[in-house]
1. Of all residues in region A:148-162 being closer than 15 Å to A:G62 by Cβ and either within 12 Å of chain B (Cβ to nearest Cβ) or acidic (D, E) (or both), which is surrounded by the fewest Cβ atoms within 10 Å (Cβ to Cβ)?
2. Could you figure out which of (1) modelled with pLDDT of 80 or more; (2) polar (S, T, N, Q); (3) surrounded by fewer than 16 Cβ atoms within 10 Å (Cβ to Cβ) isn't true of A:S106?
3. Does B:T66 fit the bill of being within 30 Å of A:A58 (Cβ to Cβ) and part of a loop (DSSP other than H, G, I, E, B)?
4. Which ones in region A:44-95 are among the aliphatic types (A, V, I, L, M) and part of a strand (DSSP E or B)?
5. For B:A126, state whether it is surrounded by 13 or more Cβ atoms within 10 Å (Cβ to Cβ), of a type in the set (A, V, I, L, M) and at pLDDT 90 or above.
6. Do we have B:R102 as closer than 25 Å to A:L273 by Cβ, within 11 Å of another protein chain (Cβ to nearest Cβ) and over 13 Å from the mean Cα position of the chain (by Cα) here?
7. Quick check on A:S130: is it surrounded by fewer than 21 Cβ atoms within 10 Å (Cβ to Cβ) and either acidic (D, E) or within 14 Å of chain B (Cβ to nearest Cβ) (or both)?
Amino acid sequence: MRPAYCGIADLRTGQTRIETLPQSLEDGRFGFGALRELWQACPEITVLSAGMLTGTGAPGSGGMLWSYRSGGRIRHCAGQGRLAAALRWCGLDHLVILGVSGASHSVDVVVTDNRITLRRQVRQRSAFASRVYAAVRQMSPGETGVIAVPDSKGILEDQCFPIGSRAAAQALRRIGVRSVTVCGTGGIDIACPEEYLTLCSALWKAEREKNTDHGEAARPAAYLSAEPCPPREAFSAGADAPLKDAGRALAAAMGIYPARMGPAVEPETLRALAAAYLGEEVTVSQLERAAGYLTEYGEEAALRERESTGI
Amino acid sequence: MKILCLDRAKCSGCGACEVLCSLHKRGRAQSAEARIRLKGAGTQGQYAAVCQHCAEPACMAACLKTIIRQENGRVVRDFPSCFACSACAVSCPMDAVVYDSREDAYMTCDLCGGDPLCVKVCPTGALRYEEPALASAGLRAAYARTAVGKGGLR
């Protein structure tokens, strides 16, 4: 299995780099496990992770996972949108933001093909998300760039889609990240494209028959959505709960997270898609181990934190 | 002859057409090289860049190797002979000409031989495969409804 590509932006030094992390299906970590060392090395770390199938064309494959430290714990929040898909088209699976920017300035993180740039901006405490979005859009490297801005209600993508909870947005604001822009022109190789395409087409057909209400321009749908959408004005970025159960963790780890369809996509469906994507046999238990790892690690980190603080 | 038409009022910007097109044509999920691409910021002002098979194609006039021609109203190209000068891409008013890095040639939508996949997967039904006259009649009707609604057409 190919390694996970991890873009690291260090706000303390202003430097960026790209590292490869070992990942295997066997240990069920999809690169999340390899991030553990970074979690332990840096007290202030925020990670945007894309799932294995994110951006590959299956219905609902815009899944992503925000991991951040809050109240001494590592918390995960799953969301769905174009941002993580664009990240994978940039050639990255994880975007790791280390440290906190200075008190006088905030940072725009810009990710293009295999490259991360940090742009320092004078910090404005009362900057509205819409104004930030307009300013960042002016500097966007391409028309198709995806821009995420932490708002008071949550992380908003392109001013339309909530892709992270209020707590995740607060975590980004606390470290001084004003926006994350991703513009990728690369692609994702699929081992058995014909088989994968057949599976996707069948899923899309079934979804169209099951759900006829997929939104329209005034009611935007999440990226590669397989779910009905509420009107834009009714969106609440804080509504999508943080990762609560193994089902959601499984969906997020695989990159399929249709939040309003239920707790998880059918494991058998995910298994078939993963097998066609990787070109090797995948079992449901391997996938479930990945989901278990994410939830267990959150608990384990909390326990360690409690032990160290003695609370 | 039918062409691909997009109803912008229905398009939710989900991107299914782009990714499935690249998966079908390239064997990899690569939105930037799909032959139909969604342009614009978010879903506001979103439009699909896809070959409209113009009656008088600018790309055909611009092609330096004259490998672009019309067949039964469709614009087709002999892409193995393309030497990627990009004249067609620059002249296309729809920005619908895409560079295919695998073939090292510029490509446009070939309508999947008359059975476009993007239409099948479009969750909102915004993409349609229909006669240009029918599509423009629909657009005229939609415009008239909007204009009447705003107090126009008096």
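1. Keep residues of region A:148-162 that are closer than 15 Å to A:G62 by Cβ, which gives A:148, A:155-158, A:160-162.
After this cut, where a residue has to be either within 12 Å of chain B (Cβ to nearest Cβ) or acidic (D, E) (or both) as well, the list is A:148, A:156-158, A:160-161.
Numbers: A:A148: 31, A:L156: 25, A:E157: 31, A:D158: 23, A:C160: 21, A:F161: 29.
Filtering first and then ranking leaves A:C160.
2. With (1) modelled with pLDDT of 80 or more; (2) polar (S, T, N, Q); (3) surrounded by fewer than 16 Cβ atoms within 10 Å (Cβ to Cβ) applied to A:S106, the lone miss is (3).
3. Answer is no for this residue.
4. A:I45, A:V47, A:L48, A:A50, A:M64, A:L65, A:I74, A:A78, A:L95
5. Answer is no for this residue.
6. Working: closer than 25 Å to A:L273 by Cβ: yes; within 11 Å of another protein chain (Cβ to nearest Cβ): yes; over 13 Å from the mean Cα position of the chain (by Cα): yes.
Yes: the conditions hold for B:R102.
7. yes
Condition check ((1) at pLDDT 90 or above; (2) away from chain A (no Cβ under 14 Å)) across all residues:
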{"residue": "B:K2", "(1), (2)": "no, yes"}
{"residue": "B:G40", "(1), (2)": "no, no"}
{"residue": "B:G45", "(1), (2)": "no, no"}
{"residue": "B:A49", "(1), (2)": "no, no"}
{"residue": "B:Q52", "(1), (2)": "no, yes"}
{"residue": "B:Q70", "(1), (2)": "yes, yes"}
{"residue": "B:R74", "(1), (2)": "no, yes"}
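The values are calculated or read from the model by the stated rules, or taken from the named source; none is laboratory data. Quick caveat, the model's predicted, so the values are computed rather than measured. No Cβ is skipped: glycine too gets one built from the backbone with ideal geometry, and neighbour counts run over all protein chains shown.
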